[in-house]
1. Only Cα pairs under 8 Å and at least 6 apart count here; give the relative contact order of the chain as a rounded whole percent.
2. Write down the Kirkwood hydrodynamic radius of the chain, to one decimal in angstroms, obtained as one divided by the mean of 1/r over all alpha carbon pairs.
3. In debye to the nearest 20, how big a dipole does the stretch 190-270 give about its Cα centre with +1 on each Lys and Arg Cβ and -1 on each Asp and Glu Cβ?
4. Could you tell me which of rounded, prolate or oblate describes the stretch 90-202, using a ≥ b ≥ c as the square roots of the eigenvalues of the alpha-carbon gyration tensor, with rounded for a/c under 1.5 and, failing that, prolate when a/b is larger than b/c and oblate otherwise?
5. By how many nm would the segment from Asp81 to Lys231 grow when fully extended, if each residue of separation counts as 0.36 nm and the alpha-carbon distance is taken off?
6. With an 8 Å cut-off on Cα pairs and a minimum separation of 6 or more residues, tell me the relative contact order of the stretch 1-127 in percent.
7. Go through Lys194/Lys231; Lys206/Lys262; Lys14/Lys51; Lys194/Lys234; Lys111/Lys134; Lys206/Lys234 and tell me which ones have a Cα-Cα distance over 21 Å in this structure.
8. Given Cα positions, please report Rg to Rh for the stretch 18-144, the hydrodynamic radius being the Kirkwood one.
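Each reported figure results from applying straightforward, stated rules to the coordinates on display, with no laboratory input. Here the structure is a predicted model, which means the values were calculated and not measured. Cβ placement follows ideal geometry from the backbone for every residue including glycine, while neighbour counts extend to all protein chains displayed.
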Amino acid sequence: MTPDQLAIHTFTNKPWSIDECIENYARHGFGGLSVWRETVAGEDLGRVRRKIADSGLQGVSYVRGGFFTGLDAAARQRGIDDNLAVIRECEALGLPMIVLVCGGTVGQGPKENFEQIIDGLAAILPAAEAAGIKLAIEPLHPMYAGDRCAVASMRDANWLCDQLEHPLVGVAADVFHIWWERELEQEIRYCAAKNRLFAFHVCEFKPDFDHILLDRGLPGEGVNASARIAKMVKAAGFNALTEVEIFSRKYWAENQHVFLDKISASCANL
C-alpha cells in the first residue's frame, strides 16, 4: 500500500497535537486520519473540522465510544450518555463513523455483558441515525475481555450485528486483536457480505510485549499477520482506507517524523 491508501490514528502519534497530526499526515502523503477523542479534548471541534477539510485528508472515524456495561443501571446510563456526547462530537467534526470498544465489567459474565452492550447500542442508535453516523464494533483480543471488551472475536462482533440488524452497525477489524482466530477468513467474508466491514486497522501483536496496551508493533513485526489479513479483507471486497493504529511507548519516544516513515515502509507490502 502507498501512503495515500492509509489513514493514521492520531493516538499513533500521541506526542503530537491535533494540528501537528493533520499537518504532518498531509505532509507525509497519507490519505486520511482517524481522530482520537483524547487528541481533540478541549479543542474547537468546528475549527478542527475545517482544518481537516483544508488539509485534503479524509476523515475516517472518531475513536472511541462504547463501554456500555456496568454493575448498576446508573453506571450503564452514564455510558449511554457519554456515547450520545461522542455522537455529537463526531457530527461536529464531520466524521462518518465512531469506533466502539463495547465494554466488559469485572464481576459479570459474558451473558450480562452482551445483554448490556445490545441495550446500550439500541439506546444510542436513534441519535446515530439522526446524525447519519456509522457505529463500528471493534472486537478486542480475549486478554481484554474481563474489563475492557467482552466482544473478543470477529465471531462475537458478527453475532452482535446479527442481533441488531441495522445498516449503521458494523465492525472494525483490527489485526492486533483478531490475528489468532482460526475461522477468521470465514468471519471476514460473512461480515463483508452483510455490508458490515466498516474499517480495517493494522499493527502487530508482539508475543513478547512489555505492556498489555502500549507495545504494539509495526506491520511485519511480532506475529506478522497484517499482510495475511489484508489479503483477506481485500478479497472480501474492502476498498476503503486502511487505518494504522499503533500504541507504542517505544515509538512515541522516537522522532515522530521518523516513525511515520517507518509506518510507510512497513505498510508498503500490504
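1. Details: 531 pairs, mean separation 48.6, N = 270.
In percent, rounded to a whole number, it is 18.
2. Taking the inverse mean of 1/r over all distinct Cα pairs, the chain comes out at 18.5 Å.
3. Numbers: 10 positive and 9 negative charges, 87 e Å.
Dipole about the Cα centre, nearest 20: 420 debye.
4. It is oblate, given that a/c is not under 1.5 and a/b is not larger than b/c.
5. On the way: separation 150, 0.36 × 150 = 54.00 nm, distance 3.82 nm.
Working it through step by step, the gained length comes to 50.2 nm.
6. Details: 194 pairs, mean separation 28.9, N = 127.
Answer for the stretch 1-127 is 23 percent.
7. Details: Lys194/Lys231 19 Å; Lys206/Lys262 17 Å; Lys14/Lys51 19 Å; Lys194/Lys234 15 Å; Lys111/Lys134 25 Å; Lys206/Lys234 24 Å.
Violating the 21 Å Cα-Cα cut-off are Lys111/Lys134; Lys206/Lys234.
8. Details: Rg = 15.9 Å, Rh = 15.5 Å.
Ratio value, two decimals: 1.03.
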